[in-house]
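Here is the structure we will look at.
Quick note: the coordinates plus some simple rules give every number you see, no bench work behind them. These numbers were taken from a predicted model, which means no experiment stands behind them. Note: ideal-geometry Cβ built from the backbone for every residue, glycine included; neighbour counts use all protein chains shown.
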Amino acid sequence: TFDAPSGESCIATRNRSNSPLQALTILNDVMILELARLAGERFTKVNSNQGIVELFQHALTRLPTQAEIELLKQYWEQQQARFDASPDLCQQLLNLEKHNVSEPTSHTAATVALARSIFGLDEFLTRE
């Protein structure tokens, strides 16, 4: 079993876990997906370093290091290229049928993917 509580309960602290299956479960959790989708809409200037810093600081309540900024920017650019090449992935990730998003954009989808990666960090999940 995983150490994450169900949505109906709350715990003060969680045990650290490095199970790949748990990480996958958390990344595909409906709450994390919705949170990432909303972050993707809110942080529209993520292609700049300032946008990455704002998203990172909003999620983790600290400034990222320069190395973290570079890694996140590189990841965002890779995701944007991936979504540019496959618009259907944008539609699938953003789940446009359920939300009032006018058109799928690779920029928004890449930002959602970036937010999901930040939200999957142990630092985000455990808040020590």
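In debye, nearest 20, what is the charge dipole magnitude of the stretch 51-97 about its Cα centre with +1 on Lys and Arg Cβ and -1 on Asp and Glu Cβ, if you could check? Present the calculation step by step, with values, prior to reporting the outcome.
On the way: 3 positive and 7 negative charges, 34 e Å.
Around 160 debye, computed over the stretch 51-97.
Would you mind calculating the relative contact order of the stretch 28-94 from Cα pairs under 8 angstrom and at least 6 residues apart, reporting the percent as a whole number?
It comes to 23 percent, rounded to a whole number.
Measuring r between the beta carbons of Leu27 and Gln66 and using R0 = 22 Å, the FRET efficiency lands at 0.30.
With the Cα gyration tensor of the stretch 49-99 giving a ≥ b ≥ c as the square roots of its eigenvalues, does the rule (a/c under 1.5 for rounded; else a/b larger than b/c for prolate; else oblate) give rounded, prolate or oblate?
Working: a/c = 4.17, a/b = 1.71, b/c = 2.44.
Here the stretch 49-99 falls in the oblate category.
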